[in-house]
Structure formats: C-alpha cells, structure tokens
Amino acid sequence: MATDPPLKDLLHRPGLSRLDRLLICLASDGASPKTVKSLKAVAKGGGLSAAAKWNISDILSNSNGLAVRTPSGWETTALGQDHLSARGLGAQATPASSAATLLRQHLSSIANPLVAAFVEEGVKCLEDKLLRAAVVLSWVGAVSILQNHVLSSQLGPFNSEAKRRDARWKDAKTVDDLSRMKESDFLDILESVSVIGKNVKLELAKCLQLRNGAGHPNSLVIGENAVAAHIETLVLNVYSKFPA
C-alpha cells in the first residue's frame with residue numbers, strides 16, 4: 001500500500017531481531033525469492049550494512065517456519081507474512097516488484113533452458129528497476145515461447161502462410177529460421193493460422209512497440225506501471241497459455 005513505510009525505516013526500527021530484519025528484506029520487492037547474496041544487497045540498500053556479516057542461512061533456517069528455502073532462494077511463508085503484518089512491518093510492493101513476482105511464478109514451468117534464461121534475466125531486471133531491459137527480455141522470452149510452439153505443432157501451416165505472403169520465404173525448420181522474420185510479420189501469421197486471436201495479436205503488437213522503444217536509444221521514458229502492464233499482457237496471453 002502507498003502508506004507502507006519505506007524499507008530503510010522498517011529495517012531501523014528499534015527492538016527488532018536479526019530474524020525480523022531479514023524477514024523484512026525477504027518481503028520487500030513483492031516478496032520474490034532471494035538468495036543470501038541478494039538478501040545482503042537488499043539489506044545494504046536499506047542501510048543495514050551489518051547484515052553482510054550475519055550467517056543468514058542459519059538465522060532463516062531457525063525461523064520456525066517463518067521463512068523457507070526454495071529452489072529459487074529464501075521466501076517468507078504465509079506465517080512469516082502474518083508475523084510481519086502483526087508487527088506493522090510489511091514492506092511496500094511496487095508495480096515493478098509485483099510484475100517480477102508474477103513473472104517469476106512462471107519460471108518453474110519453463111522447460112527450455114534458453115527461454116528460462118531470458119525470463120530469469122527479465123525478473124532480475126525488474127527487481128533492480130532496470131525497466132528498459134525488463135521490457136526487452138520479457139518480450140524475447142515470450143517470442144521464444146511462441147516460436148517453439150510453432151516448431152512443435154504449427155510449422156506446416158506457418159510456412160504455407162509465410163510463403164503465400166512472400167514467395168521468397170524459405171521453409172523454417174529451426175528457431176533461427178523463424179528469427180529471420182520481422183516480429184510484426186510473425187504476429188500477423190500467428191493470427192492467420194489461428195495460433196492467437198485478433199485481439200491478442202493487437203495487444204502483443206503494443207508490447208512489441210514498447211519493446212522497440214525500450215530497445216533503442218531514444219528519449220522515451222518508461223514508468224513502472226507501463227512495464228507492469230507489459231508483463232501482465234505477456235503472462236496472460238503467452239506465458240500462461242503456451243508450453244515452454
């Protein structure tokens with residue numbers, strides 16, 4: 001909420017234990033999973049440089065279920081979040097951090113390591129407020145998912161439609177072949193062969209436009225809300241609909 005105190009104020013309230021301060025760090029940025037290294041960075045960013053010398057894994061391991069270690073890093077549990085809320089220690093989530101949490105939720109379902117790498121980098125960019133990079137990488141991940149879907153189940157119809165539109169088109173057999181095509185044309189063909197609908201194509205075209213603006217030197221200024229909307233569109237229409 002907008003009324004939540006900033007991280008630095010939460011971390012320096014008197015009478016807090018080391019565990020309390022680490023839970024606050026874990027709950028920051030939309031409560032995304034954090035490694036020990038990233039936790040130390042969050043703490044340092046909030047002015048708690050002493051955390052660099054703490055045995056963070058030991059403290060969290062003895063939290064009595066307030067925090068758990070997952071494959072992606074340490075996370076607060078519902079019990080841990082209740083613990084913070086009861087003490088008025090909830091940290092403010094931002095549009096970027098909420099988008100990072102939404103995108104990270106889909107990481108575990110991405111089997112293709114190349115796609116997962118793009119998405120993982122996009123999440124990290126969101127967490128670090130590198131908004132232009134987050135727009136570009138999240139788009140690359142989404143396009144990679146769509147390209148792999150074409151290769152696995154729609155290659156014949158896709159090549160036929162591409163050749164109908166451009167007689168010079170050479171049948172695609174790999175992701176690299178598909179990458180020869182302009183992404184706007186790629187979206188048009190996906191609509192034509194019913195991989196996506198017209199309205200989805202229009203929304204993805206807006207995402208592509210933002211990606212193009214973010215990926216080239218220009219005077220465009222991008223805010224967190226625009227980036228969060230970009231991520232939400234990609235998650236709802238690509239990441240959650242097509243296997244990766």
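A few remarks follow.
Quick grid of which residues meet (1) polar (S, T, N, Q); (2) not in a loop (DSSP other than H, G, I, E, B):
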site	(1), (2)
Asp9	no, yes
Pro14	no, no
Leu19	no, yes
Leu22	no, yes
Leu26	no, yes
Ser38	yes, yes
Ala41	no, yes
Lys44	no, yes
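- Selection of the range 120-149 for residues being closer than 16 Å to Gln105 by Cβ and either crowded, with 24+ Cβ neighbours inside 10 Å or in contact (Cβ under 8 Å) with a residue 40 or more places away in the chain (or both) yields Gly122, Val123, Leu126, Glu127, Ala134, Ser138, Gly141, Ala142, Ile145.
- Filter pass, Val115 being free of Cβ contacts under 8 Å to residues at least 40 places away in the same chain, of a type in the set (A, V, I, L, M) and either closer than 16 Å to Val235 by Cβ or surrounded by fewer than 18 Cβ atoms within 10 Å (Cβ to Cβ) (or both): no
- Search result, residues across the range 30-77 that are of a type in the set (A, V, I, L, M, F, W, C), in contact (Cβ under 8 Å) with a residue 12 or more places away in the chain and over 23 Å from Glu224 (Cα atoms): Val36, Leu48, Ala51, Ala52, Trp54, Ile56, Ile59, Leu60, Leu66, Ala67, Trp74
- Close pairs (7 angstrom Cβ cut-off, 6 or more residues apart or separate chains): under 17 Å from Asn112 (Cα atoms) in the range 231-243, part of a loop (DSSP other than H, G, I, E, B) anywhere: Val235/His106; Tyr239/His106; Ser240/His106
- Residue list for the range 1-18, restricted to those being surrounded by fewer than 19 Cβ atoms within 10 Å (Cβ to Cβ) and modelled with pLDDT of 90 or more: His12, Leu16, Ser17, Arg18
- Filtering Val227, Val235, Val135, Val193 for residues that are more than 15 Å from the chain's Cα centre (by Cα) and of a type in the set (A, V, I, L, M) leaves a single hit, Val193.
- Selection within the range 150-182: residues that are surrounded by 15 or more Cβ atoms within 10 Å (Cβ to Cβ) and among the charged types (D, E, K, R). The member of this set that is nearest to Ala244 (Cα to Cα) is Asp177.
The values are calculated or read from the model by the stated rules, or taken from the named source; none is laboratory data. Because the structure is predicted, anything quoted here is derived from the model rather than measured. Cβ sites come from the backbone with ideal geometry, for glycine too, and all protein chains shown count toward neighbours.
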